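Contents: one structure, followed by commentary.
We did not get these values from a lab; they are worked out from the coordinates using the rules stated. All values derive from a computational prediction rather than experimental measurement. Using ideal geometry, Cβ is built from the backbone for each residue, glycine included, and neighbour counts are taken over all protein chains shown.
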Amino acid sequence: MKTTLRNPYVYLLFVLPTIALYFLFFIYPMLTSVYYGFTNWNGLDTKDFVGFDNFVNAFKDADFRNSIVNNLYILLFSCCVQVPLIVVFSLLISSVKRFQGFYKTTVFMPSILSTSVIGILWGYIYDPDVGLINSILQAFGLEPIYFLADMKWALVSILITNAWQWMGFYIVLILAAILAIPKDIDEAAMIDGATGVQRAWYLTVPLIKPIINVVIMLSIAGALRVVDIVLVMTGGGPAGATDVMASYMVNKAIKYGDYGYGTALSIIIFAFALVLTALYQILIVRRQEKVEY
Amino acid sequence: MTATVRKSIPHMVMIAYIVVILAPFLFILFSSFKANNTEIATHPFGLPKKWVFENYKEAWVKAKINVYFFNSLYLALSSAVVGVLLAAATSFAITRMRFNRISSWVYQFVLIGMLIPGNVLFIAQYLLVQKLGILDTHWSLFLPYTAGALPFSVLLIAAFMRSIPHELEEAAVVDGMSVFRMFFQIVLPLTVPALVTVFIVNFLGNWNEYLLSFFFISKDALRTLPSGMVQFRDAFQTNYALVCTGIVFSVLPVLVMYTFLQRKIIEGLTAGSVKG
């Protein structure tokens with residue numbers, strides 16, 4: 001009876017295009033990345049197998065080490081500054097009835113826009129001559145700041161733009177979790193005389209810990225994936241002050257044709273992402289579960 | 001502290017945040033109508049003294065924003081549609097057809113893709129499209145965009161198709177319906193909510209994609225908005241009003257879409273991150 005749903009040719013017809021395309025643009029590049037990563041290929045000469053040289057050189061490369069440090073700054077900023085702010089804003093939105101939907105949709109909005117266009121947009125906000133921030137500074141009689149050209153300010157400027165774009169996304173994630181908590185828990189605490197702040201800190205935050213962990217994991221992954229905004233706003237400059245691993249990799253490969261070295265860097269980025277998320281899982285998430293039970 | 005004051009604190013904080021979100025857009029919007037740079041610099045917040053609409057015409061035609069716009073539109077649409085159809089066909093095969101062992105392998109295999117961050121594959125994909133001879137054509141974007149959306153699309157559509165009761169297609173089989181008609185006339189219409197979500201997520205992702213479109217395409221006539229805008233900014237660096245107009249052009253369609261489909265968009269984008 002069910003021969004219709006057992007026709008192998010139809011099955012192949014439905015599955016094969018997806019598998020083929022997926023293999024060609026995901027699996028095959030992944031495999032070739034690993035292969036190229038162990039060669040000194042520069043696009044012109046022959047590919048020579050060089051063992052772990054690229055990986056060793058990467059960690060000897062002061063510019064790449066500098067970009068790792070910048071990635072770490074981004075990571076620390078998103079986990080230690082953004083995440084607490086995100087939790088506070090979500091609690092605030094969840095505590096109001098009026099305008100809740102409006103707040104939610106507005107804070108989410110920047111995360112649906114193109115990172116490159118946001119980079120251009122904020123480039124104007126930071127502009128020393130006509131920019132919004134410098135106009136304000138000048139109104140107070142202050143000297144203009146060259147945000148994107150100043151070693152001290154460039155990375156901070158990018159961090160702020162990045163936070164501006166993505167915080168709303170995470171706020172909506174956490175807000176959904178808060179609104180899913182049954183109302184009676186909160187009401188019971190209210191009857192017992194707990195203040196709003198107490199209820200938020202002792203009730204809501206412990207209950208949404210799992211989703212906060214998800215947000216931290218996504219922030220770690222996101223911090224390692226930052227690249228568009230850097231390429232658009234500063235190109236990694238001034239003097240590498242905003243270079244991140246991915247932007248350094250793209251420049252090495254496209255500008256200098258160092259494909260072998262570049263792919264080795266991309267494997268290092270992948271390894272960082274895996275190791276950091278795994279570490280976070282093992283050290284924080286597992287231990288918390290033990291405490292809860 | 002009175003109750004009303006205490007109640008309004010969350011609103012005050014949130015309004016401050018909303019202002020930080022919206023101020024850049026207003027600044028860009030007002031600037032795009034201003035006559036010249038001095039007006040932008042001296043009245044950053046003010047409305048334009050005279051609304052200059054010529055910027056829009058100039059950006060659209062002379063600065064080729066229209067070219068970028070339609071390239072973006074047709075690439076984002078076509079690869080989102082093809083991606084949804086491919087993912088739907090595959091999801092149908094692995095959730096409804098009777099090849100359980102192979103299906104679970106196929107499913108696992110496709111989901112591995114969600115673990116790989118996009119920019120890790122950048123160089124290898126660049127070399128791949130170069131080898132395929134499609135560098136600097138729209139194929140070099142269409143294929144990676146379509147492929148890149150598959151893991152998430154299969155995940156979401158397959159989950160949705162699993163929830164459709166099996167009696168439905170049993171009845172169809174008994175009635176002698178062919179697999180294709182079953183797919184197109186029964187399962188696909190029932191899956192529309194998931195298909196729409198996936199389509200929107202893919203469309204937005206493609207519309208906004210920068211890295212590949214900037215480095216895989218060097219012909220100006222083939223550029224999409226995100227990469228074309230960067231090119232445009234570098235070319236018209238000093239004409240702030242014109243670049244602001246360009247920004248309005250690239251942001252507006254997404255914002256219009258967002259006002260109508262906000263719930264669907266938020267649901268789709270957040271589903272992708274949490275389930276992944």
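Computed quantities for the displayed model
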| item | result |
| --- | --- |
| Amide hydrogen neighbours beyond the local backbone of A:Thr39, cut-off 5 Å, H modeled | A:Val50 |
| Cross-link reach list, lysines versus A:Lys97, counting only Cα pairs under 29 Å and skipping chain neighbours closer than eight places | A:Lys183, A:Lys209, B:Lys7, B:Lys264, B:Lys275 |
| Residue order, fewest to most beta carbons within 10 Å, for B:Tyr107, A:Tyr126, A:Tyr170 | B:Tyr107, A:Tyr126, A:Tyr170 |
| By average C-beta atoms within 10 angstrom, highest first, the peptides A:10-18, B:221-229 | B:221-229, A:10-18 |
| Integer Hz, Karplus 6.51/-1.76/1.60 couplings in order for the range A:143-154, x for Gly and Pro | 5, x, 9, 8, 3, 8, 9, 9, 3, 6, 9, 4 |
| The protein assembly as shown: mean projected area of Cα convex hull, nm² | 31.0 |
| Chain B: calculated mean residue ellipticity at 222 nm from DSSP helix runs of at least 4, using -39500 (n - 2.57) | -23500 deg cm²/dmol |
| Potential extension, A:Ala278-A:Ala180 segment - 0.36 nm per residue separation minus Cα distance | 32.5 nm |
| Exercise: per-residue mean of other protein chain Cβ atoms within 10 Å, B:4-14 | 4 |
| Mean separation of Cα contacts under 8 Å, 6 or more apart, over the residue count of the range A:64-216: relative contact order % | 29 |
| Test item: A:195-202 mean partner chain Cβ contacts at 10 Å | 1 |
| Top of B:Thr191, B:Thr259, B:Thr137 by mean-square fluctuation, Gaussian network on chain B, Cα under 10 Å | B:Thr259 |
| Positive-end extreme of charge dipole, chain A - chosen from A:Phe52, A:Met245, A:Pro29 (charges on Cβ) | A:Pro29 |
| Cβ-based exposure ranking for B:Leu111, A:Leu75, in which fewest neighbours within 10 Å come first | B:Leu111, A:Leu75 |
| Net charge dipole size for the range A:1-135 [Lys, Arg +1 and Asp, Glu -1 on Cβ; Debye, nearest 20] | 1000 |
| Ranking of B:His166, B:His11, B:His138 by count of other Cβ atoms within 10 Å, fewest first | B:His166, B:His11, B:His138 |
| Projected area averaged over orientations for chain A, convex hull of C-alpha atoms, nm² | 24.9 |
| Acute angle (nearest 10 degrees) that the helix B:122-131 long axis makes with the longest principal axis of chain B, alpha-carbon atoms | 70 |
| ³J(HN,Hα), Karplus 6.51/-1.76/1.60, whole Hz, each residue of the range B:2-9, x for Gly, Pro | 6, 4, 5, 4, 4, 5, 8, 4 |
| Cα-based radius of gyration of chain B once divided by 2.2 N^0.38 Å, which approximates compact folds | 1.26 |
| Kirkwood Rh in Å, taken over all unlike Cα pairs in the range B:3-52 | 12.6 |
| Residue-by-residue Karplus 3J(HN,Hα) for the range B:210-226, coefficients 6.51, -1.76, 1.60, Hz, glycine and proline x | 10, 4, 5, 5, 7, 9, 8, 10, 10, 6, 4, 5, 9, 5, 9, 4, x |
| Sites matching trypsin sites (Lys or Arg not before Pro) across the range A:42-145 that sit in DSSP coil, with at most 15 neighbouring C-beta atoms within 10 Å | A:Lys47, A:Lys97, A:Arg98 |
